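Peer 1: Take this structure first; my questions come after.
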Amino acid sequence: MNNKKKVISALLIIALVVIAVTTFINKQLDRNKNTLDDNIPGYEVKSDSPQSVGLGKPAPDFTLKTLDGNTMTLSDLKGKKVILNFWASWCPPCKDEMPYFQEYYKKYAKKDNVEIVAVNLTFNDNLTNVENFVKSYDLTFPILLMEEEGLNLTYKVYTIPSTFMINTKGEIEKQILGPLDLDTLRDYITNLE
């Protein structure tokens, strides 16, 4: 009889914990959804936000393998404006914005002294899906593979797509959550040093 009470008590505690966690997650998702929906195409993170990486400060450096088997180091791009984008092949807003990134890259990147660096969250994706995604959108800018979690935590990437506008000095000037369109990309780039 005593064991039955212990089991029932344990199950009740587990159920309460599950309810509390589910409620918390749903509130967070609703808050993020409302924030993003009100600010399409993309929500700019302010410097006082807990999600801010450090606007006006140097972008944390990294080296990652590229889809074509080479490596790329962010600090090697100093002197260029950089659009640093975190994405995944299964992410619908990422699918929405990629054609705009490619169009910008093709038409304006060279003239604007810009490099687009698209970091795929490969630890949470599938390499075959990434390759198919890149082919289907005919992407020609560098695709980097984050095969282990870590860089996303450094950059406080909690939602994707997340995009960082980095100036020629290697400092983060803007941090945007959500999908971008061509006009918004151009506006952000035009205002970068």
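Peer 1: Could you state the number of Å between the C-alpha centres of the range 139-193 and the range 60-136?
Peer 2: For the range 60-136 versus the range 139-193, the Cα centre distance is 9 Å.
Peer 1: Could you please state how large a percent of the accessible area of the range 136-193 is carbon and sulfur, counting protein chains only and using a 1.4 Å probe? Don't skip to the end; give the middle numbers.
Peer 2: On the way: 1020 of 2400 Å².
Whole-percent figure for carbon plus sulfur exposure: 43.
Peer 1: Could you compute how fast the range 45-136 diffuses translationally, taking Rh as the Kirkwood radius over C-alpha pairs and applying Stokes-Einstein at 4 °C with viscosity 1.567 mPa s? Give it in µm² per second. Could the numbers behind the result be given before it?
Peer 2: On the way: Rh = 14.8 Å.
After rounding, the answer is 87 µm²/s.
Peer 1: Something else about it: Please list 3J(HN,Hα) in residue order for the range 153-167, calculated via the Karplus relation 6.51 cos²θ - 1.76 cosθ + 1.60 where θ = phi - 60°; whole Hz, with x for glycine and proline.
Peer 2: Whole-Hz 3J(HN,Hα) from phi for the range 153-167: 6, 4, 8, 6, 8, 9, 9, 10, x, 10, 10, 10, 9, 10, 7.
Peer 1: What FRET efficiency, computed as 1/(1 + (r/R0)^6) with R0 = 35 Å and r the Cβ-Cβ distance, is obtained for D96 and V17, rounded to the nearest 0.05?
Peer 2: Values: r = 36 Å, r/R0 = 1.03.
With a Förster radius of 35 Å, E is 0.45.
Peer 1: Then there is this: Take peptides 116-123, 102-109, 79-86, 62-69 and line them up by average Cβ neighbours within 10 Å, highest first, as a rough protection proxy. Working shown, then result.
Peer 2: Working: 116-123: 22.0, 102-109: 16.6, 79-86: 20.2, 62-69: 13.6.
Going by the mean number of other Cβ atoms within 10 Å, highest first, we get 116-123, 79-86, 102-109, 62-69.
Peer 1: How much accessible area per residue does the range 67-164 have, in Å², with a 1.4 Å probe? Intermediate results must be reported in sequence, preceding the final value.
Peer 2: On the way: 4670 Å² over 98 residues.
Value for the range 67-164: 48 Å² per residue.
Peer 1: Also: Mind computing the radius of gyration and Dmax over the alpha-carbon atoms of the range 71-193? Å is fine for both.
Peer 2: My reading of the Cα-based Rg and Dmax gives 13.3, 37 Å.
Peer 1: Quantify, in whole percent, the carbon and sulfur part of the accessible surface of the range 47-126 (1.4 Å probe; protein heavy atoms only).
Peer 2: On the way: 1920 of 3980 Å².
Exposed carbon and sulfur together represent 48 percent of the surface.
Peer 1: Skipping prolines and chain starts, which residues have an amide H placed within reach, meaning under 5 Å, of the one on V119, given they are 5 or more residues away or on another chain?
Peer 2: Those lying under 5 Å, H to H, from V119 are N85, F86, W87, L144.
Peer 1: Can you give me the relative contact order of the range 67-193 as a percent, contacts being Cα pairs under 8 Å and 6 or more apart?
Peer 2: On the way: 210 pairs, mean separation 45.6, N = 127.
Over the range 67-193, the number comes to 36 percent.
The values are calculated or read from the model by the stated rules, or taken from the named source; none is laboratory data. Small disclaimer: the values here were computed from a predicted structure and weren't measured. Because the Cβ atoms are built from the backbone with ideal geometry, glycine has one as well, and the counts that use them run over all protein chains shown. These accessible areas exclude ligands, DNA and RNA; they are computed on the full protein's heavy atoms, side chains included. Shrake-Rupley method; radii C 1.70, N 1.55, O 1.52, S 1.80 Å.
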